[in-house]
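Reviewing the structure listed below.
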């Protein structure tokens, strides 16, 4: 597939033409209070689009796997599935979130295909965009950094720092037929070799600019964290201020656990089955029923849940995914009111403790 | 219970009865639809009849505040298959428990009537301090749709699901900006979800009106309210008194149980 260029002056038309034909989900300004907050929403017009966003509150997986999703409606003993995926474009997804979507793509199809996810995923054209603004808690430059972003259909890079003679605009790489279809909405030119090189250098050079770093290899981290499993004092310390509020999980792009609940309408004959994002940091996540109406919680303490979260992200899923289940977006660090969720701080603490122990 | 209409009765103790009024806010159509499935046999907000017969579901609003009410509670329990504490006053004594640590509240609240004998009362306690409670509808006031969900589960012979996760989960599902990130404070981290987190969505902090989750981290609550929420140390420590005086680590647990 080819690589194209669209002039800055043609870009708004491209977005508006696309909006005439397809729903487009893209980053928009959600609120401006102390600072700017962004979220992925259905775009109304090109003015709303904020490709200069730093991070969104929730990850873009919500386009295929919404926080609340009615999956079945029932009435008078009959039921029908409510999956009704229509063609849509998810545009402006940063590379770290593309990596996370690649993970959920795998996890929702391994062994058993979750059609509630794949129906929406398959109906979506996924357009990655380069990171123009770096979130203050980001560390994607040093985690999962050797894993290529893949699974997207096109990649949009805003060309900056150009000479006067060069035209402002975006490089648009197309990887497959889905990406190719978008070309009909705009005035695309074939990109020059110079433009391709400029985009490459923009996307390469940003990798070193994250405010936080983890300078360990994947194996080093996995092995040391795994060996720290029984360091109870350490996990107690890390979880001391934890509210079990689940904010770290519910903002995480790689988390994929959900709960399913049925509810009845007031007529007591009809109702719906809804699935919700769940969170293993909440107290009752691992609570199961046992005989005689009793229950058993196999992760009773905040420390046990904190340990489980870190093990899931850094150890347990590595073999399946070929990488950690963490892409360094920093959403959990921002969302944690007690500021104890930041994987950079946690991993550094574990690594330092292990280094001291081995002295 | 599924085939015959369940007999439901409402009773009130120390409360504003706002939770019962909330039920009438379904509007005519929905309220009458609900009556297709339950038979309300006592509900003084909307009918004058009372009952001394057995009941399927007793919804009790209000706190237990005086010994004279003990027998009435026991009588309701004896007649009811299921007892629901309806609203936060019944569940934890909610806002009523504010008086439990204030010796001089009477003169502030009742002014020159403070000495009237009928205004005298003991510490506010949850009704569970006197009788066994099967289910709780949290909230000040209750969310009528949550109540409907609980009643629906009971009508269908299912166990009602009351979240034991905090409001933060619902704020995230709503993609609401955290009050702390907006330069504010909040009690959502320790407060039982199920309300749908409307307050932070409207830009105001959660005050904890639904009570704590089962195991709130109260140590971290004071710390975060002070360090991140900008409240004074004293304010950060006393903040949860408003709706959770009886649930706090330092609450006088003896007075709760008697």
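The values are calculated or read from the model by the stated rules, or taken from the named source; none is laboratory data. As the structure is a computational prediction, the values presented were derived from the model and not from experiment. Please note: Cβ atoms are built from the backbone with ideal geometry, for glycine as well, and neighbour counts cover all protein chains shown.
For region B:21-48, the candidate set comprises residues that are surrounded by 17 or more Cβ atoms within 10 Å (Cβ to Cβ) and facing chain A (nearest Cβ under 10 Å); within that set, the residue that is nearest to the chain's Cα centre (by Cα) is B:26.
Note on region A:309-344: among residues that are within 24 Å of residue B:185 (Cα to Cα) and more than 19 Å from the chain's Cα centre (by Cα), the one that is surrounded by the fewest Cβ atoms within 10 Å (Cβ to Cβ) is A:339. Restricting attention to region B:111-134, does a residue exist that is within 30 Å of residue A:272 (Cβ to Cβ) and touching a residue at least 24 places away in the same chain (Cβ under 8 Å)? Yes, region B:111-134 has at least one match.
Being surrounded by fewer than 23 Cβ atoms within 10 Å (Cβ to Cβ) and within 11 Å of chain A (Cβ to nearest Cβ) is the requirement here; does residue B:188 meet it? No; evaluated as a whole, the condition is false for this residue.
Does residue A:337 satisfy the condition of being more than 14 Å from chain B (Cβ to nearest Cβ), outside any helix (DSSP H, G or I) and touching a helix residue (DSSP H, G or I) at 6+ places or on another chain (Cβ under 9 Å)? Against the criterion (more than 14 Å from chain B (Cβ to nearest Cβ), outside any helix (DSSP H, G or I) and touching a helix residue (DSSP H, G or I) at 6+ places or on another chain (Cβ under 9 Å)), residue A:337 does not qualify. Evaluating residue A:347 against the criteria (1) at pLDDT below 95; (2) within 25 Å of the chain's Cα centre (by Cα); (3) on the phi < 0 side of the Ramachandran plot leaves one unmet condition, (1).
Residues that are in contact (Cβ under 8 Å) with a residue 40 or more places away in the chain and at the interface with chain B (Cβ under 9 Å from one of its Cβ atoms) within region A:280-303 comprise just one, A:302.
What is the one condition in (1) closer than 30 Å to residue A:266 by Cβ; (2) free of Cβ contacts under 8 Å to residues at least 12 places away in the same chain; (3) within 14 Å of chain B (Cβ to nearest Cβ) that residue A:69 does not satisfy? Looking at each condition in turn, residue A:69 falls short on (2). The single condition among (1) facing chain A (nearest Cβ under 8 Å); (2) surrounded by fewer than 24 Cβ atoms within 10 Å (Cβ to Cβ); (3) touching a residue at least 24 places away in the same chain (Cβ under 8 Å) that residue B:182 does not meet is (3). Looking across region B:57-76, the residues that are over 20 Å from residue B:94 (Cα atoms) and surrounded by 16 or more Cβ atoms within 10 Å (Cβ to Cβ) come down to B:57, B:76. When region A:126-146 is filtered for residues that are buried (at least 22 other Cβ atoms within 10 Å of the Cβ) and at pLDDT 95 or above, the ones remaining, listed by number, are A:126, A:127, A:128, A:129, A:131, A:135, A:137, A:138, A:139, A:140. Residue count for region A:240-273 under the criterion of being under 24 Å from the mean Cα position of the chain (by Cα) and surrounded by 18 or more Cβ atoms within 10 Å (Cβ to Cβ): the result is 16.
Which of the residues belonging to region B:1-36 are touching a helix residue (DSSP H, G or I) at 6+ places or on another chain (Cβ under 7 Å), free of Cβ contacts under 8 Å to residues at least 24 places away in the same chain and farther than 24 Å from residue B:94 by Cα? The one that is touching a helix residue (DSSP H, G or I) at 6+ places or on another chain (Cβ under 7 Å), free of Cβ contacts under 8 Å to residues at least 24 places away in the same chain and farther than 24 Å from residue B:94 by Cα: B:31. Here residue B:64 fulfils each of the conditions (1) farther than 26 Å from residue B:153 by Cα; (2) more than 18 Å from the chain's Cα centre (by Cα); (3) at pLDDT 95 or above apart from (2). Summed over region A:209-229, the residues that are loosely packed, with under 13 Cβ neighbours inside 10 Å and farther than 29 Å from residue A:320 by Cβ give a count of 1. Considering (1) touching a residue at least 40 places away in the same chain (Cβ under 8 Å); (2) touching a helix residue (DSSP H, G or I) at 6+ places or on another chain (Cβ under 6 Å), say which one residue A:7 fails and leave the rest. The number of the failed condition is (2). Filtering A:233, A:239 for residues that are out of contact with any helix residue (DSSP H, G or I) (no Cβ under 8 Å at 6 or more places or on another chain), within 24 Å of residue A:351 (Cα to Cα) and not assigned by TED's automatic domain parsing to the domain that holds residue A:56 leaves a single hit, A:233. Only one entry of A:223, A:231 meets the criterion of being closer than 18 Å to residue A:316 by Cβ and free of Cβ contacts under 8 Å to residues at least 40 places away in the same chain, and that entry is A:223.
The strands (runs of 3 or more DSSP E) found wholly in region A:1-61 and carrying at least 2 residues that are farther than 18 Å from residue B:172 by Cα and under 24 Å from the mean Cα position of the chain (by Cα) occupy A:24-32.
If you filter region A:32-57 down to residues that are within 14 Å of another protein chain (Cβ to nearest Cβ) and in contact with a helix residue (DSSP H, G or I) (Cβ under 7 Å, 6 or more places away or on another chain), you find that the one that is surrounded by the most Cβ atoms within 10 Å (Cβ to Cβ) is A:40. Of all residues in region B:67-97, those being over 13 Å from the mean Cα position of the chain (by Cα) and either closer than 20 Å to residue B:7 by Cα or in contact (Cβ under 8 Å) with a residue 40 or more places away in the chain (or both) number 15. Can residue B:161 be described as part of a loop (DSSP other than H, G, I, E, B), more than 13 Å from chain A (Cβ to nearest Cβ) and either touching a strand residue (DSSP E or B) at 6+ places or on another chain (Cβ under 8 Å) or surrounded by fewer than 18 Cβ atoms within 10 Å (Cβ to Cβ) (or both)? Against the criterion (part of a loop (DSSP other than H, G, I, E, B), more than 13 Å from chain A (Cβ to nearest Cβ) and either touching a strand residue (DSSP E or B) at 6+ places or on another chain (Cβ under 8 Å) or surrounded by fewer than 18 Cβ atoms within 10 Å (Cβ to Cβ) (or both)), residue B:161 does not qualify.
Here the helices (runs of 4 or more DSSP H) wholly within region B:1-113 that include at least 1 residues being in contact with a strand residue (DSSP E or B) (Cβ under 8 Å, 6 or more places away or on another chain) are B:18-24, B:70-79, B:88-92. Mind listing whichever residues of region A:20-31 are in contact with a strand residue (DSSP E or B) (Cβ under 9 Å, 6 or more places away or on another chain), farther than 10 Å from residue A:50 by Cα and away from chain B (no Cβ under 11 Å)? A:22, A:23, A:24, A:25 - these are the residues of region A:20-31 that are in contact with a strand residue (DSSP E or B) (Cβ under 9 Å, 6 or more places away or on another chain), farther than 10 Å from residue A:50 by Cα and away from chain B (no Cβ under 11 Å).
Scanning region B:197-225 for residues that are at the interface with chain A (Cβ under 10 Å from one of its Cβ atoms), farther than 14 Å from residue B:237 by Cβ and surrounded by fewer than 22 Cβ atoms within 10 Å (Cβ to Cβ), we see that the one that is farthest from the chain's Cα centre (by Cα) is B:203.
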